1. Collect residues whose amide H, placed 1.01 Å from N in the peptide plane, falls under 5 Å from the amide H of B:Ala105; neighbours closer than 5 in sequence don't count.
2. Charges on Cβ only, +1 for Lys and Arg, -1 for Asp and Glu, centred on the Cα centroid of the stretch A:173-339; of A:Thr327, A:Thr213, A:Gly276, which one is farthest towards the dipole's positive end?
3. Which value, in debye to the nearest 20, gives the size of the charge dipole of the stretch A:283-442 about its Cα centre, when Lys and Arg are +1 and Asp and Glu are -1 at the Cβ?
4. Here are some pairs, A:Lys239/A:Lys349; B:Lys82/B:Lys129; A:Lys367/B:Lys129; B:Lys128/B:Lys152; which of them have Cα atoms lying more than 31 Å apart in this structure?
5. From the convex hull of the Cα coordinates of the stretch B:32-154, what is the mean projected area in square nanometres?
6. If R0 is 45 Å, what FRET efficiency do you get for A:Arg479 and B:Arg100 from their C-beta distance, rounded to 0.05?
7. Can you give the accessible area buried between chains B and A, summed over both chains, with a 1.4 Å probe, in Å² to the nearest 100?
8. What is the distance in Å between the Cα centres of the stretch A:203-227 and the stretch B:52-117?
Amino acid sequence: MPARACKKPPRWHWRGSVLVAAAALLLPYAALTEPGLKAGALTRSFYVDGSDRQVNRGTSFRSEGELDENGNPVVRVGEARVSVSRDQLTVGSKSVLLEPAGGTGEQQECDQNIDYSDLTAPESTARSLPTAPDKVVPGGKGLPSAAREATLIASEAEGLEWPARGREAQREIQEAAFQDYRVLGDSYAQLPAGALGERFERAVQTLSEHFETLSAATAGLEPADRTRFRNTVLNARDKASWAAQTLAREAALPNGGLTPFDPLLKSPDPLARGPGLAEVFGGPMGRRRVAGPDGLADRYVLYAGLPETEREKALARLRLVQLPELTLRSGGKRTLPLLHNGDLRAPGKPLECSQLVSSLLSVDARKTGITSLDLMAIWRYRKRGVLPDPPKFEPARREQLRKAADAFNAIDVYAGEKLAAGDLLVYRQGWDPLGYVYMVTSYNPKLMKAGVLDASQGSKEVRERVFPLTADPPEASQRFVRPGLHVLRLKPVSNQGCVYSDATPPAAGVKGVER
Amino acid sequence: MRKLLPLLVAGFLLGGVVLGEPLMHERLRVKNTFTRPEEVVAYYCSRDASGFIWSGMLDAERRAFTLWEDPPQQDTFFIASKYEVLPPEVAAGEARVQVRYLLVALGDIHGTRMPVHPEERVVTFQLKKTGGSWKIARPEAREIAPIVLDAKFR
């Protein structure tokens, strides 16, 4: 067997975390090949997490050169402890067998038996595709690739949870909205037309009062939420008004405007009574639609049309409702029920990280939460330490964003950093109001294509699609990453931006009546 | 004069919308009773100006006034000081209506503002007559950005 060269690593300037990744892949190799090494007893520690002093989980990590309290080396992937023995790496309950490259004593005699000649410095040109990460592993197998495997396991253990959690959170919201709709619609099902008309009239009156209250509120609700709820309440009021007029008009027609077949066509929607109302409230009110803007407006109509005593009873059974105490311009206070689609956060509660992710994937939630414009700013803040200007942020907003930014690490695809499952891919140009946020479920670095979850239709639907990072074919000598990509990776530890709570399911904030 | 009265009334009602004056919020309509394409565009722009497209276009409204399969979905918007709906070009069941906006900024509901260049933006709406009603076909929902009036959306 030819002896391998023990070359010193070439010097290069640090760009992104590519070199750290390279070093990290090589260090376990070096450690395990030290002479006299016993199983389970390494001499180095490796830390992989998303905290400030460390590098990004999943794609890059480095040795701290420390031992743990027992003198054993430990690899950490986020909060997961990775135990390392001579022949296996274990992350949580998952293990991977290590295959020492060559596995010969000849290699173990050489303390630095790593052939660095395979390493290629990353391209320094921004937006061109660096090739270094693909060439880091000597021999293709061996401990460095095992370390990479361990990293992938860690990604699977943590990163891949997010797509599933995102879907689960949306399902919970849809289910809650659907149940709320049924709770409110129960007493409408058997109402005669005259009584239904009265309810629509009552809804118009109640919702007009709601609108006035929201307009007069000076505290107790975020201004952004206040504006959005005013629009929702106005839409609901206009729908109820239209329905009342339509019902009155149809009542004046022979047979109430019904054809002989209409009574046979039972609508699952208690409000879609007759052809005119079906036009307004019709359409399949399934779980997806009921958690969208239409479903929310309809729940408002149902709620506001109830007699006051029934309203109180219904409130106790609703899941997607908050009862904030609003301070009015007059100085008085009033508690107003706010029906929502799982995107109104209970004040004072720390934001759970899965909720943060769900809110960033939903356009409806982003409208009054962290927008794609904010995410661009957060990415730059994480890269450069300062928020960009422009855009001009309100002072309070700047503080909110700084705090929110602590939840993420910025991944720079233009510097060759790779996407990982669970990353948030923000696609937006600063000057354009069209912004998109996807969650990465997979990434093919050769094709430069990412599998993403697209929830751009709010709570209605989550689609899976392929997002190419470049328009250049794989065989092109230079492949340019499309502009406007900002990748954010959630830190795997609690931080100022969000908290992890295993006891709290992803959408726990939407459960129960938040008063 | 009697023949002109309905036109004058319609002109009064639509005038503010067409010229983008700060009226009250445009009320929701779920039935398209407009007979001219520019009325449909004026209604859409007025709803948009009040923030109703940004906050979430309703399905009934989308079906009545557009051929879109999904509503526009954006978390930020342009902010305009005024807008003007220009006269339509109509031919063989299709119409083009341009709307000229004077933009102030790009921003979001939190008060974040970003300068825009150029300040004038012209949106060309293409409409088709479907089932006796003019409906917006283009721009497509995913291509259109909400544009709210600074005076209305507060």
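1. B:Ile79
2. Selected residue: A:Thr327.
3. With Lys and Arg at +1 and Asp and Glu at -1, about 200 debye.
4. A:Lys239/A:Lys349; A:Lys367/B:Lys129
5. 7.1 nm²
6. 0.65
7. In total, chains B and A hide about 3900 Å² from solvent.
8. 25 Å
The values are calculated or read from the model by the stated rules, or taken from the named source; none is laboratory data. Fair warning: this is a prediction, and the values are worked out from it, not measured in the lab. Quick reminder, even Gly has a Cβ in these numbers, built from the backbone with ideal geometry, and neighbours come from all protein chains shown. Keep in mind that these areas ignore ligands, DNA and RNA; they rest on the heavy atoms of the full protein, side chains included. Shrake-Rupley method; radii C 1.70, N 1.55, O 1.52, S 1.80 Å.
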